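Participant: Right, I'll just put the structure down here and ask away after.
Please treat every number below as a calculation from the coordinates, not as lab data. Source: prediction; values computed, not measured. Note that each Cβ is placed from the backbone with ideal geometry, even for glycine, and that neighbours are counted across all protein chains shown.
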Amino acid sequence: MLEDTIIARATPPGIGGLGVVRISGRRALAVAEKIFEAGRKTRGGFPVRRPVFGTVRDPERPSALDEAFLTYFKAPRSYTREDVVEISAHGSPAVLEAIVRLGVEAGARPAGPGEFTLRAFLNGRLDIIQAEAVNDLVRSVSLGQARVSSRQLGGSLSRRVARLRGRLVSLLSGIEAGLEFPDEGLRTGPAAAIKALASLIPEVERLVASYERGQAIGEGVTLALVGRANVGKSTLFNALLGDERAIVTPYPGTTRDFLRETVVIGEAVFHLVDMAGLGRPSHPVEKRGVALGRRIAREADGLVVVLDASKAWSAEDGRLLRGFAGKKAVVVLNKSDLPRGLDERRVRASAGSSPVLEVSALKGRNIDPLRQALRTRFAPDAGQDEEVVLHARQRDRLQGTLEALKKAEALLAGRGPEELAAEELREAVRLVGELAGEVRTEEVLGEVFGRFCVGK
Ligand SMILES: Nc1nc2c(ncn2[C@@H]2O[C@H](COP(=O)(O)OP(=O)(O)O)[C@@H](O)[C@H]2O)c(=O)[nH]1
Ligand SMILES: [Mg+2]
């Protein structure tokens, strides 16, 4: 599989000042020599890690295609640990496509999405968590995510997982030694094992819990704006986005399906969804909009419940607040610029633990405090160096590990057979191994590298 040499543009499609084509594999240099001519003759081939100026040319044609810089990274000191050549030309799609085509004619094969990173992984340059971090980093839309991903690319999470695995393995082997050679005093007895688990379990729990924050700075948290028609949801949506995106009208029920836009607040990414009101629809189109709205609200990570503070409390407000109980929410009393009609105590009584904020979406009043409230509620800050789990794949393995550890603890505490507890620990070791890709399965590779395709 790694016999062949691959080529692809490394910069995004479209026009740019510069565009880069990358070649990796044994024949990278040979391919580059066929299509690139150095401006000055370089004795003994291309220098390593130093750009060389020259021209890209079709071996079949006399005139040059473009001026370019070529940089040669000699194996194993390259991104993929293979010989890598990067050709940095002008960013014309036609030129870059031609360079790739010439490279293919010269013996390279077009690379698939994520294939350079896959090679870096297969050649042991990155583990799987780091490979995921590369993909996250290039896709990050917030500096918070970029920072976390950059640290994970440096191996912070991998080291943490490796330490965890080490501790699990030594606990397991202590128990196994006891099972195999009961008389040699090597054994880790149930009491010692329970003690070890008591410190391992909270550590895994913390990692599992960090996924919520990871979501906020990674894929983003989906927040649905819900409320009756005309309470000002679309106006608030625009105020949070800072522009006119949703259609605002004084007529109830004009947002008939939904709008979704992304905002970054602090380090957190939010996808705000503005929908049709959840009141009583009359028009059939509106009815469909309302049904869709209910589904979106149910599936959202959290809600912004919008009430009209200028209107008296209605049974519908109560239904709205109760209807979504059990979902994380922030309650907004909008139209606070108008004379107050709503009894705030009733709202607070029904809002449970959700914060309640007064704003005026129309006048832009209190919008920043609302932004901060959304951040605290849905993306609580962790310490600067706190490790964050960004992927469902990682979270699932950690969750499985946690369950296995808890079962092992319960078995040991209940004086169940130690062999069964050891079995649970083996499962935990296997899952943690999959987490960092030490245990390589087709499934894990597919899960991770499948996501590299454009559009995730
Ligand atoms: N006075 C006042 N009017 C508002 C405020 N927010 C929205 N409105 C008005 O309320 C009406 C309905 O707003 P809209 O955003 O379309 O409500 P939606 O049906 O919930 O999306 C429009 O006439 C808005 O200008 C506010 O904070 N104060
Ligand atoms: Mg609307």
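Participant: For a footprinting-style exposure proxy, rank Asp317, Asp58, Asp274 by other Cβ within 10 Å, fewest first.
Facilitator: Going from least to most buried by this count: Asp58, Asp317, Asp274.
Participant: Another question about this same structure. With each label point set 7 Å from Cα along the Cα-Cβ vector, what nm distance links Arg295 and Ser170?
Facilitator: 5.3
Participant: Given the pairs Lys41/Lys74; Lys233/Lys335; Lys233/Lys327; Lys327/Lys363; Lys233/Lys363; Lys328/Lys363, which are separated by over 22 angstrom at their Cα positions? Working shown, then result.
Facilitator: Values: Lys41/Lys74 19 Å; Lys233/Lys335 11 Å; Lys233/Lys327 19 Å; Lys327/Lys363 29 Å; Lys233/Lys363 14 Å; Lys328/Lys363 27 Å.
Pairs exceeding 22 Å: Lys327/Lys363; Lys328/Lys363.
Participant: Now for a different question. Taking Rh as the Kirkwood radius computed over C-alpha pairs, what is the Stokes-Einstein D of the chain at 10 °C in a medium of viscosity 1.306 mPa s, expressed in µm² per second?
Facilitator: This corresponds to a translational diffusion coefficient of 61 µm²/s.
Participant: Then there is this: Sorting Asp136, Asp66 on the 10 Å Cβ count, fewest up front, what's the list? Numbers along the way, then the final one.
Facilitator: Working: Asp136 23, Asp66 17.
With the sparsest Cβ surroundings first, the list reads Asp66, Asp136.
Participant: Between rounded, prolate and oblate, where does the stretch 6-125 land on the alpha carbon gyration tensor, with a ≥ b ≥ c its root eigenvalues, rounded for a/c under 1.5, else prolate if a/b exceeds b/c?
Facilitator: oblate
Participant: Add +1 for every Lys or Arg and -1 for every Asp or Glu among the other residues with Cβ under 9 Å from the Cβ of Leu225, and state the total.
Facilitator: 0
Participant: Here's a follow-up. Contour minus end-to-end for Trp313 and Ala198, with contour as 0.36 nm per residue of separation and end-to-end as the Cα-Cα distance?
Facilitator: 36.4 nm
Participant: Between the stretch 1-68 and the stretch 193-239, what is the C-alpha centre distance in whole Å?
Facilitator: Rounded to whole Å, the Cα centres lie 45 Å apart.
Participant: Taking neighbour Cβ counts within 10 Å as the exposure measure, how do Arg395, Arg340 sort from fewest upward?
Facilitator: Neighbour counts put them in this order, fewest first: Arg340, Arg395.
Participant: Would you calculate a helix-derived [θ] at 222 nm for the chain, using -39,500 (n - 2.57) for each DSSP H run of n ≥ 4 and dividing by the full residue count, to the nearest 500?
Facilitator: Counting only the DSSP helices, I get -15000 deg cm²/dmol.
Participant: Size of the dipole of the chain about the Cα centre, Lys and Arg at +1 and Asp and Glu at -1 on the beta carbon, nothing else charged, in debye to 20?
Facilitator: 1140
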